[in-house]
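Sharing a structure with you now.
Please treat every number below as a calculation from the coordinates, not as lab data. Keep in mind that this is a model prediction, so the values were computed, not measured. All Cβ positions, glycine included, derive from the backbone under ideal geometry; neighbour counts span all protein chains shown.
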């Protein structure tokens with residue numbers, strides 16, 4: 001293992017890691033927000049809108065992320081949507097993640113016993129209050145684990161952004177490998193970076209889960 | 001019916017019917033509940049008792065006829081028009097504040113403590129300040145003998161305690177009528193007593209109560225009248241002595257009570 005290689009390429013790899021984290025965080029949090037809105041519209045909106053959302057979910061879930069990214073980045077300009085690689089990467093990441101998040105939230109809505117909502121109606125709570133005070137806080141319980149899981153999956157999906165030259169971790173690693181003809185070391189380092197990200201995410205997820213299920217613990 | 005408002009039954013059910021798709025759950029039910037009266041609804045399962053109860057606060061939208069609370073039509077904008085238009089959410093919420101409800105499955109909100117469960121609607125519906133709401137909620141919990149459990153989450157309360165919190169949550173809103181939907185059916189036998197005794201106390205204090213129950217002892221000793229339903233029809237509505245004290249005339253009532261007699265419940 002040639003250490004000076006890493007001294008030379010260290011900054012580039014770190015910068016790639018930074019870009020990976022940025023794309024991942026902005027993209028997946030954006031997807032989470034969009035997915036939540038979709039789930040809310042699906043549940044509370046008009047029926048026709050529900051159908052549109054259903055079709056959107058099926059299309060996005062039914063196609064590979066890389067194809068969606070290509071269509072947005074290379075096809076965008078034909079409809080006047082010229083995006084930088086980074087913009088296209090993050091935007092497609094948001095779109096790609098949203099239906100999965102939406103499905104997680106949809107099942108979360110369904111997990112709240114109907115009786116609790118009836119009880120809330122019986123004491124006169126408004127539908128908005130019921131959503132904010134009864135449904136949402138409790139949705140955190142069944143959704144935290146699948147959300148954490150999907151965040152973890154998404155950490156690694158960021159690698160696909162390298163195909164449109166987003167200078168993220170895989171892109172920088174491939175550059176290093178191509179320029180130095182070393183392959184094992186750069187990709188070992190790359191794996192280490194992803195592993196750190198995954199471990200960190202699952203640690204946060206566990207903390208959140210412990211917090212949101214506190215009331216269920218028997219003492 | 002007298003013109004004097006206090007003589008008017010607090011709940012009037014007039015020729016009410018309810019369908020679930022093709023299934024006729026209730027047919028032509030007519031029934032009055034008077035102020036401070038305890039009315040028990042009994043009957044075989046599937047006879048429509050719970051549906052009748054849930055129509056009283058419009059958790060189920062009844063199809064035909066009327067339900068009036070203190071003379072006001074519940075749930076629908078007007079009795080006549082067909083198809084009928086439901087009241088706005090706001091108007092329905094205002095009506096429901098006068099009708100407390102207790103469920104078989106308690107339906108407490110598990111992420112809130114006992115105190116928070118009771119105070120929730122006081123704050124967000126009645127608009128009380130937190131301090132005032134908590135004071136009121138504590139008083140309600142004291143009524144159901146749970147002052148020492150206010151900080152407990154439902155997961156750390158027994159079934160009987162949870163049901164009493166649910167009762168406190170309802171009475172804290174100071175409703176004019178309380179509806180109970182099989183309040184003890186989900187409880188272990190040794191926990192039934194504590195809930196029934198709280199209900200008995202409420203009855204003694206003059207609360208108007210409509211209780212769907214399988215506790216024939218409660219119906220026999222606490223109810224002012226007992227209504228028997230069968231296949232969505234109101235068969236009879238009489239003082240308990242006429243059902244439990246002698247052999248009932250109606251064969252359906254007789255057959256129903258026979259199963260309880262065999263178990264020496266009545």
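Compute from the Cα atoms of the protein assembly as shown the Rg and the Dmax, the latter being the longest Cα-Cα distance, and quote both in angstrom.
So, for the protein assembly as shown, Rg and Dmax equal 30.4, 101 Å respectively.
Against the longest principal axis of chain A, how steep is helix A:3-44, in degrees 0 to 90 to the nearest 10, with axes from Cα atoms?
For helix A:3-44, the angle is close to 20 degrees.
In deg cm²/dmol, rounded to 500, what helix-only [θ] at 222 nm does chain B give when every DSSP H run of at least 4 residues adds -39500 (n - 2.57) and the total is split over its residues?
-10000 deg cm²/dmol
Placing one identical point scatterer on every Cα of segment B:1-129 and ignoring solvent, what is log10 I(q)/I(0) from the Debye formula at q = 0.18 Å⁻¹?
-1.14
In a Debye calculation with equal point scatterers on the alpha-carbon sites of chain B and no solvent, what is log10 I(q)/I(0) at q = 0.07, 0.12, 0.13 Å⁻¹?
-0.25, -0.75, -0.88
Taking each residue in B:118-124, count the Cβ atoms of any other chain within 10 Å of its Cβ, then average. What number comes out?
Average per residue, whole number: 4.
Using the alpha-carbon atoms, what tilt in degrees (0 to 90, nearest 10) does helix A:169-180 show relative to the longest principal axis of chain A?
Its long axis makes an angle of about 10 degrees.
Of A:34, A:49, A:169, which is the most mobile in a GNM of chain A whose springs link Cα atoms less than 10 angstrom apart?
A:49
Rg and Dmax of segment A:3-218 over Cα atoms: what are they, in angstrom?
For segment A:3-218, the Cα-based Rg and Dmax read 20.7, 71 Å.
Helix A:136-157 versus the longest principal axis of chain A: what angle, 0 to 90°, nearest 10, using Cα atoms?
Helix A:136-157 sits at roughly 20 degrees to that axis.
If you take each beta carbon of peptide B:166-173 and count the beta carbons of other chains within 10 angstrom, what is the mean?
If you average over the peptide's residues, the count of other-chain Cβ atoms is 1.
For segment B:229-245 and segment B:1-66, write down the distance between their C-alpha centroids in whole Å.
Here the two parts' Cα centres lie 14 Å apart.
To continue, here is another question. Of all the Cα-Cα pairs you can form in segment A:143-210, what percent are over 18 Å apart?
Roughly 47 percent, rounded to a whole number.
Specify the residue with the greatest mean-square fluctuation among B:133, B:25, B:155, computed from a Gaussian network of chain B linking alpha-carbon atoms under 10 Å apart.
The residue that fluctuates most here is B:155.
Right, next: Say we join alpha carbon atoms closer than 10 Å with springs in a Gaussian network model of chain A; which of A:23, A:40, A:122 then has the biggest fluctuation?
It is A:122.
Also, quick follow-up: Enter the mean number of other protein chain beta carbons within 10 Å of the beta carbon of each residue in B:148-159, as an integer.
2
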